[in-house]
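Below is one structure, written out as structure tokens, with a few remarks after it.
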Amino acid sequence: MLSQRYLKALLEGSKKSTIRPGILRVAERVYIHSGGKIVAVAEVAEVVYKRVSELTERDALLDGFNSREELMAYLKKRYPGLRDDAVVTVVKFGKVSKLEMPEDAHYGGLTPVEIATLALNKLRLSPREQKVLKAVVETGSLRKAAIKLYGTVDKRGVIRKILRKAASLLMNGGLDREIKDY
């Protein structure tokens with residue numbers, strides 16, 4: 001997820017990284033979501049783990065900020081409670097390519113609503129998974145389901161993860177298997 005206010009900088013190349021709290025596993029390529037769409041795909045050049053207190057002026061500049069102080073003010077505002085000894089993941093981007101893809105893009109040729117409907121009818125699901133997939137069916141949208149369930153669009157990743165797993169099970173004949181790891 002990337003705020004639209006930073007999207008132009010990313011696409012123009014002046015924002016070359018992102019800093020996120022926690023230790024994140026990052027793929028070699030990542031999709032950049034902004035404004036309800038997948039707007040870019042970025043190659044990951046490097047992933048570095050640091051404590052907030054170890055972030056440098058260079059980290060700030062690579063992330064599109066004018067100074068370390070500006071970066072720190074942003075991080076503290078964006079992630080309330082983020083402490084100086086907390087670990088962050090610094091993801092440095094290589095090539096970034098612009099895309100125009102709706103966020104509710106198809107999973108293996110099926111829409112999220114179709115995947116959710118099939119999963120609800122064919123897979124054994126936990127009550128939580130049922131609740132999430134029912135929200136997708138009822139609202140017809142990942143964004144609307146996230147707002148309905150969590151009060152924010154920021155939790156769409158939870159929904160996407162359940163949809164991807166359901167799609168995989170449905171396409172690989174796992175109709176009687178449970179979705180696990182949630």
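The values are calculated or read from the model by the stated rules, or taken from the named source; none is laboratory data. These numbers were taken from a predicted model, which means no experiment stands behind them. Backbone-built Cβ (ideal geometry, glycine too); neighbour counts: all protein chains shown. Remember, those area values only see protein heavy atoms, side chains included, never the ligands or the DNA or RNA. Shrake-Rupley method; radii C 1.70, N 1.55, O 1.52, S 1.80 Å.
Taking the Cα centre of the chain as reference, the dipole from Cβ charges on Lys and Arg (+1) and Asp and Glu (-1) amounts to some 380 debye. Accessible surface ranking for MET1, MET72, 1.4 angstrom probe, highest first: MET1, MET72.
Taking the longest Cα principal axis of the chain as reference, the axis of helix 68-78 is set at about 30 degrees. Go through (i) 0.99; (ii) 1.15; (iii) 1.26 and flag the label whose value is the computed Cα Rg over 2.2 N^0.38 Å for this structure. Identified label for the calculated read-out: (ii). Computed extension gain for ARG5 through ARG143, at 0.36 nm per residue and net of the alpha carbon distance, reaches 47.8 nm.
In the full protein context, the chain carries 57 Å² of accessible surface per residue, based on a 1.4 Å probe and ignoring ligands, DNA and RNA.
Can you flag which of LYS131/LYS165; LYS92/LYS148; LYS50/LYS165 are past 27 Å Cα-Cα? Cα-Cα > 27 Å for LYS92/LYS148; LYS50/LYS165; rest within. On the beta carbon distance between GLU54 and LYS98, with R0 = 41 Å, the FRET formula returns roughly 0.80.
Could you tell me the accessible area of LYS161 in Å² (1.4 Å probe, neighbours in place), rounded to the nearest ten? Surface open to solvent at LYS161 totals about 100 Å².
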